[in-house]
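Here the structure is laid out as structure tokens; the discussion comes afterwards.
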Amino acid sequence: MIRHHHRALALALLLTAPATAAAQDAMTVLNAAVKAMRLENVTTIRYTATGSAYAIGQSFTPGGPYPRSAMTFVRDFDIDGFTVRQEFVNTRVERRGGGLPNRVGAETRQVQYASRNSGWPQHVFMWLNPPGFVKEAMKHNPTLTTERVGGRAFRVITVRVQDRYTLRGFFNDEDLLERVDTALDNNPVLGDPPLDAVFTGYRDFGGILFPSRIVHHLGLQPSFDFEIASVTPNAAVETTPPAGAGGAAGGGAVTVTSQTIANGVHYLTGGTHHSVAVEFSDHVAVIDAPLGEARSLAVIAEVRRLAPNKPIRHLINTHHHFDHSNGLRTYAAEGATVVTHPRNAAFYQQWWSTMPVLLRDRLVESGRTARFETVDERRVLSDGMRTLEVHVVQDTTHVEGMLILYLPSEKLLVEADLFTPPAPGAAPAQNAPGNDPLAAELVQNIERLDLDVERVVPLHGPGVASRADLDRAAGTTAAGR
Ligand SMILES: [Zn+2]
């Protein structure tokens, strides 16, 4: 009888063995890591670092490295409560590329905060350090597999978070976490961009083992790269959000204000980034799709109101920087053709060739494939009603493949990022008047192309500017004109 009972039990164990054993093995791996890193009694850490931060989506070349800033931070991480608060200082060191601060030497200070309730792009960063991954994975039904990477065998712990996001942690044969990978869901240009963190140079910091260098990659480019200066286990960390945090997560209402600046030419403002709609006899071309789908839908609705019977046939994308291209896919879903530089088109097509899983947007729902038309030097869109010239900017430090738009009958120039007039009474956004290098580059291009510009329509800033405003910023005050 006893024997029989044992056999039944053994059979039951055998039937349930794979899942149970894998879960136990996963916990064994995580417990071994806690022991190897001496984290048994560690509930908080404070660490400081110096290194580089990169302006994501602001590359000089589409698909190229993001512009670098020098960075330091002090980070308070409550491992058990799962909150992080950091004081972050960065200083722009590269001239080429976009992003703020745009000027070399300009310093930005921020206090940043995240908790389990934060959106994934913030929340995920708490998983991208070894104590955070190891201890939090234990609470998320970890599973274990093995994988060979670069000829070495790793035990891979996989967890699902919020039933949506997958994280994998790679443990080496010393029970140390060498790498975590996952993906983000907030980037329409890159779809579901891969995000990873690589941990090297483990050594003793204040009694625990911690990597001395951490590198993050987002969309296959470095996004952070830092050396750890100090680690204080069980520090009295700050766990409360900074004053004013929580409201800045992009949840604000989208407003679009339209102003008709010439017959059939509409300036669509109402936020930090603007668009321009240009009517042709039977269709409309829209210039720039900034910020994301919500903004695109609001701009499209306004264009429909202004020109009810004219479909949007073209979306002209000035350049690939994500703040100017995050709304492109919405227009593609509407059937508009994206007009851009060939390098930008290749970049978008490369990332959009994979159907995203995390990103759900109109283009995914439409089942359409985005269509592109490219301009490598100059192109004229014209019909009986309208002529719109598309030109490629040369010799700018901002970005490769930048388009500017010129309406010869109206003497209007539409441009992004090269000249942003200051708000009335405010300091110039980038540089002192007469010393704005991007504005000077724009003036050189206007002269090279022999464009007769009366008004400049900037895709940032307080409104339409005059040619004299541009010359004042550029320091090219119009002597001889
Ligand atoms: Zn830009």
Checklist line | Per-residue [θ]222 nm for the chain (sum of -39500 (n - 2.57) over DSSP H runs n ≥ 4, rounded to 500) | finding: -7000 deg cm²/dmol
Check: Based on Cβ point charges of +1 for Lys and Arg and -1 for Asp and Glu, what charge dipole magnitude is obtained for segment 257-474 about its Cα centre, in debye rounded to the nearest 20?
Finding: 700
Checklist line | Whole-number percent relative contact order across segment 54-186, with pairs defined as alpha carbons under 8 Å at least 6 apart | finding: 15
Notebook entry, point to check: For the chain, what percent of Cα pairs sit more than 39 Å apart?
Noted result: 34
Next item on the list: Run the numbers on segment 257-474 and let me know its relative contact order in percent, using alpha-carbon pairs under 8 Å that are six or more apart.
Entry: 15
Next item on the list: Could you work out the longest stretch of the chain that avoids the GluC sites (Glu not before Pro) located in DSSP loops with at most 12 other Cβ atoms within 10 Å?
Entry: 175-376
Check: Which three extents, in whole angstrom, do the alpha-carbon atoms of segment 257-474 cover along their principal axes, largest first?
Finding: 49, 34, 34
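About its Cα centre, how strong a charge dipole does the chain have in debye, to the nearest 20, once Lys and Arg get +1 and Asp and Glu get -1 at the Cβ? Kindly include the intermediate steps, with their values, before the conclusion.
Values: 45 positive and 50 negative charges, 228 e Å.
Here the chain has a charge dipole of around 1100 debye.
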Notebook entry, point to check: Which of P188, F205, H321 sits farthest toward the positive end of the charge dipole of the chain, with +1 on the Cβ of Lys and Arg and -1 on the Cβ of Asp and Glu?
Noted result: F205
Checklist line | Listed residue (V124, I157, T143) projecting farthest to the positive dipole end of segment 108-174, Cβ model | finding: V124
Notebook entry, point to check: So what's the net charge close to A474: Lys and Arg +1, Asp and Glu -1, counting the other residues with Cβ under 12 Å from its Cβ?
Noted result: -3
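Each value in this text was obtained by applying a stated rule to the coordinates, not by laboratory testing. This one's a predicted model, so the numbers in the text were calculated from it and none came from an experiment. Here Cβ is always computed from backbone atoms with ideal geometry, including for glycine, and neighbour counts include all displayed protein chains.
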